[in-house]
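Worksheet for the structure shown next.
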Amino acid sequence: MRHTAKFATVAIVSTLALCAGCSDQKNGNPVPTEKPASSSAALPSDGAPAVSDPITNTSAVESDPCSAVPVAQIETIGGKTDGSRLDPMSAGNSCTWSFADGPSNVNAGLVTGNKEGLSSLYSQHATGGLTTFKPVDPVGGYPAVVYANGGEGQGTCTLAVGVRNDLVYTVIPRLVTNHPSFSDPCGMATKVAAAAIKHLKGA
């Protein structure tokens, strides 16, 4: 039962975080913003920073998000794992790495369902659609934002890194109190994102 509950929680959190093109929430479910589709040529918009060195070769990680960061590297960042699993989602495939010392995990993937990249988050922030919005230092030279639309709390962080003007890589640690990175989940998210970007640039 504990594993079932854990996976359900991850799926819900991942859905909320990966739906970067969503705004309103009713009964906890994100509702897509009715907004005309933007051409990538019109991006960035809404004050979002431009991605000066876009990563175009992303298809392998889109289909196999677990390939972005090897398990051994995840273990260097966050400790021994029980392995990884693919989480297919409409907004884009993601990977969950579960840590062995409890129900802590980290989920990450390219949000292919969001065709506006970081501009979508800047737009939602401008209209009050996010409860947390904090531009942070670039990750591997790529602009990044910590954000949330509810669900903030200790041991969790949602980090989106713009790898192209129309694409973000999102990382979501969900850590319990006994995990070494519990007090700094955004630090873990940054390390995972940096490893993934290094892989993407070398692909």
> With respect to the numbered conditions (1) at pLDDT 50 or above; (2) within 18 Å of the chain's Cα centre (by Cα), which one is the sole condition not fulfilled by LEU43?
Replying inline: (2)
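Examine the range 49-64 for a residue that is polar (S, T, N, Q), assigned to a strand (DSSP E or B) and without any contact (Cβ under 8 Å) to a residue 24 or more places away in the chain, and state whether such a residue exists. Spell out the reasoning first.
Filtering the range 49-64 for residues polar (S, T, N, Q) gives 52, 56-59, 63.
Still in the running and assigned to a strand (DSSP E or B): none.
Looking for residues that are polar (S, T, N, Q), assigned to a strand (DSSP E or B) and without any contact (Cβ under 8 Å) to a residue 24 or more places away in the chain, one finds none in the range 49-64, hence no.
On the basis of being modelled with pLDDT of 95 or more, in a loop (DSSP other than H, G, I, E, B) and either in contact with a Ser or Thr (Cβ under 7 Å, 6 or more places away or on another chain) or surrounded by 19 or more Cβ atoms within 10 Å (Cβ to Cβ) (or both), does GLY109 make the cut? First the steps, then the outcome.
On the way: modelled with pLDDT of 95 or more: yes; in a loop (DSSP other than H, G, I, E, B): no; either in contact with a Ser or Thr (Cβ under 7 Å, 6 or more places away or on another chain) or surrounded by 19 or more Cβ atoms within 10 Å (Cβ to Cβ) (or both): yes.
So GLY109 does not fit the description; no.
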> Residue check: is GLY202 within 19 Å of VAL69 (Cα to Cα) and more than 14 Å from the chain's Cα centre (by Cα)?
Replying inline: yes
> In the range 104-133, how many residues are charged (D, E, K, R) and more than 20 Å from LEU43 (Cα to Cα)?
Replying inline: 0
> Can you pull out the residues in the range 149-185 that are surrounded by fewer than 19 Cβ atoms within 10 Å (Cβ to Cβ) and hydrophobic (A, V, I, L, M, F, W, C)?
Replying inline: VAL176, PHE182
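Only one of ALA60, ALA72, ALA108 is of a type in the set (A, V, I, L, M, F, W, C) and touching a Phe, Trp or Tyr at 6+ places or on another chain (Cβ under 8 Å). Can you tell me which?
On the way: ALA60 fails: touching a Phe, Trp or Tyr at 6+ places or on another chain (Cβ under 8 Å); ALA72 fails: touching a Phe, Trp or Tyr at 6+ places or on another chain (Cβ under 8 Å).
On inspection, the qualifying residue turns out to be ALA108.
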>> Which count do you get for residues in the range 66-100 that are among the aliphatic types (A, V, I, L, M), more than 26 Å from ASN114 (Cβ to Cβ) and assigned to a helix (DSSP H, G or I)?
In response: 2
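If I filter the range 56-75 for residues that are among the aliphatic types (A, V, I, L, M), at pLDDT 50 or above, over 29 Å from GLY128 (Cβ atoms) and surrounded by fewer than 13 Cβ atoms within 10 Å (Cβ to Cβ), do I get at least one hit? Break it down into steps so the answer makes sense when it comes.
Start the filter on the range 56-75 by keeping residues that are among the aliphatic types (A, V, I, L, M), which leaves 60-61, 68-69, 71-72, 74.
Still in the running and at pLDDT 50 or above: 60-61, 68-69, 71-72, 74.
Subsequent filtering for residues that are over 29 Å from GLY128 (Cβ atoms) retains 60-61, 68-69, 71-72, 74.
With surrounded by fewer than 13 Cβ atoms within 10 Å (Cβ to Cβ) added as a condition, the list becomes 72.
Checked against the condition, which is being among the aliphatic types (A, V, I, L, M), at pLDDT 50 or above, over 29 Å from GLY128 (Cβ atoms) and surrounded by fewer than 13 Cβ atoms within 10 Å (Cβ to Cβ), the range 56-75 yields at least one hit.
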>> Let me confirm something: among VAL146, VAL168, VAL176, VAL161, which residue is part of a loop (DSSP other than H, G, I, E, B) and of a type outside the set (Asp, Glu)?
In response: VAL176
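The values are calculated or read from the model by the stated rules, or taken from the named source; none is laboratory data. Every value quoted in this text rests on a predicted model; they were computed, and no experiment measured them. Neighbour counts are summed over all protein chains in view; Cβ atoms, including those assigned to glycine, are modelled from backbone coordinates with ideal geometry.
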